[in-house]
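Worksheet for the structure shown next.
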2 protein chains.
Amino acid sequence: MRLVPSAVTIAHELAKKIVRPGDTVVDATAGNGNDTIYLAQLVGPSGLVFSFDIQAEAILATRDKLVLANLESRVKLIQDGHENLDKYLSKPIKLIIFNLGYLPGGDKCIITKPATTLAALKKSLSFLESEGLVLFTVYTGHPGGQEEWESIQAYIGQLPKEQYDVVLCTYLNRNVHHPFTIMIQKLNNG
Amino acid sequence: MRLVPSAVTIAHELAKKIVRPGDTVVDATAGNGNDTIYLAQLVGPSGLVFSFDIQAEAILATRDKLVLANLESRVKLIQDGHENLDKYLSKPIKLIIFNLGYLPGGDKCIITKPATTLAALKKSLSFLESEGLVLFTVYTGHPGGQEEWESIQAYIGQLPKEQYDVVLCTYLNRNVHHPFTIMIQKLNNG
């Protein structure tokens, strides 16, 4: 068994350890819908996924995949920026997942950006239930990617260690711009 | 469930995913015996742990723990440097674990060192079976620790990605010298 073939599999493995049937979770970047599908399977028929994307193209692609997988009843698709997630959420959330950068196959000029990503992260932490996770797959290879990561890093690096475990997992023998994973777990005293 | 309370738990979780009853594994740094005990439990009564330490004090402490846990029949304790592990091993190994630095509670002047750690790592990779793991818990807070890590990093950073997954997991909101985990998995074509 290959333990960590990709950054995305690290995030999915961590999600699987925490998410239980009936949970409410968030895909902050629906993109091509893969994370949303994965989360919809994890939460089961009694759970709920809020799935955000600013691009209509991403929302449509995700809806198509959900319909094909017969999972659309578990997902609320929201075409809005994830920095506005507080407008839609009302209760504690078990997990919030971000896949940064641009929509694969889409317009590479439309990217996640430091100010909105950071705003969404801060709001995510405030909605997170105890032991819940925020997961990022971070890309630094596109213009603006490195700056976005640096702003996230500065913020999460100062989160109190008594309240959050903040862990980076990255490959050491791949391209310097290979995507990597960030896990933030809210602790019981968080 | 707190997913990653410490660097050592990351290594133990990874070990648990790979080691099966009957496997042969290596604790390259017996130290106070905790990893050896953990591995002896994972390999079961039909498995075998080779446990190395250069210090008699560590070998004795580990033996005491094994006897208490009634696990001594599963472990070969070897008082020798881990750079000599090829003198004792003859068949493919599923996992080799290193806990770098000094013996907790022992003489802080006796530390693992770049030349011998690197020699042991290279030999470890040559004994590793396909899909097997080398795991390091790395400490950089003691004199020589940072230099040791830099020599390991230079070596593992150039391992071919087609043959090895080399992954670093570290905390971003703890002391800069907090221990961290390195996982090297040999791939099927490794």
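The values are calculated or read from the model by the stated rules, or taken from the named source; none is laboratory data. Just so it is clear, the structure is predicted and the values come from calculations on it, not from any experiment. Every residue, glycine as well, gets a Cβ built from its backbone with ideal geometry; the counts of neighbours run over all protein chains shown. Surface areas here come from the heavy atoms of the whole protein model, side chains and all, with no ligands, DNA or RNA. Shrake-Rupley method; radii C 1.70, N 1.55, O 1.52, S 1.80 Å.
Quick notes on this structure:
- Across the copies of the chain, B:Arg174 has label points (7 Å from Cα along Cα→Cβ) spaced 2.4 nm apart, shortest distance listed first.
- Largest first and in whole Å, the equivalent-ellipsoid semi-axes of the stretch B:10-113 read 20, 15, 13, each the square root of five times a Cα gyration tensor eigenvalue.
- Considering the rotation that superimposes chain A on chain B, the residue of A whose beta-carbon lies nearest the axis, and that distance in Å, is A:Cys169, 2.
- Using a 7 Å Cα-to-Cβ projection, A:Ser6 label spacings across copies, nm, ascending: 3.5
- Between chain B and chain A, the total buried accessible area stands at approximately 2700 Å², from heavy atoms with a 1.4 Å probe.
- With label points set 7 Å from Cα along Cα→Cβ, the inter-copy distances at B:Glu129 are 4.1 nm, sorted shortest first.
- Listed residues B:Asn175, B:Asn84, B:Asn99, most fluctuating in chain B (Gaussian network, C-alpha, under 10 Å): B:Asn175
- When the surface is traced with a 1.4 Å probe over the full set of protein chains, A:Cys109 keeps roughly 110 Å² accessible.
- Within the same chain, aspartates and glutamates fewer than 8 places from A:Lys76 are excluded, and of the rest, those with a Cα less than 19 Å from its Cα are A:Asp23, A:Asp27, A:Asp35, A:Asp53, A:Glu57, A:Asp64, A:Asp86.
- Beta bridges by DSSP in the protein assembly as shown, antiparallel share as percent, to the nearest 5: 45 percent
- The orientation-averaged projected area of the convex hull spanned by the Cα atoms of the protein assembly as shown comes to 19.5 nm².
- Convex hull per residue volume in Å³, alpha carbons only, for the stretch B:7-186: 109 Å³
- Set of lysines near A:Lys113 by C-alpha distance (under 21 Å), chain-local residues within fewer than 8 positions excluded: A:Lys87, A:Lys122, A:Lys123
- Taken per residue, the accessible surface of the protein assembly as shown reaches 42 Å², heavy atoms only and a 1.4 Å probe.
- For the stretch A:36-44, the Karplus equation 6.51 cos²θ - 1.76 cosθ + 1.60, evaluated at θ = phi - 60°, returns couplings of 4, 4, 4, 5, 4, 5, 5, 6, x Hz by residue, with Gly and Pro reported as x.
- List of the stretch B:165-179 residues, accessible area with partners at least 50 Å² below that of the chain alone (1.4 Å probe): B:Asp165, B:Val166, B:Val167, B:Leu168, B:Leu172, B:Asn173
- Amide H contacts under 5 Å for B:Phe50: B:Val25, B:Val26, B:Asp27, B:Lys76, restricted to partners 5 or more places along the chain or on a different chain, H placed in the peptide plane at 1.01 Å from N.
- Threshold 30 Å² - residues in the stretch A:144-164 whose accessible area is reduced by that much or more when the chain is no longer isolated, probe 1.4 Å: A:Gly157, A:Lys161
- Computed in the context of the full set of protein chains, the accessible area of the protein assembly as shown at 1.4 Å probe radius has 54% of its extent on carbon or sulfur.
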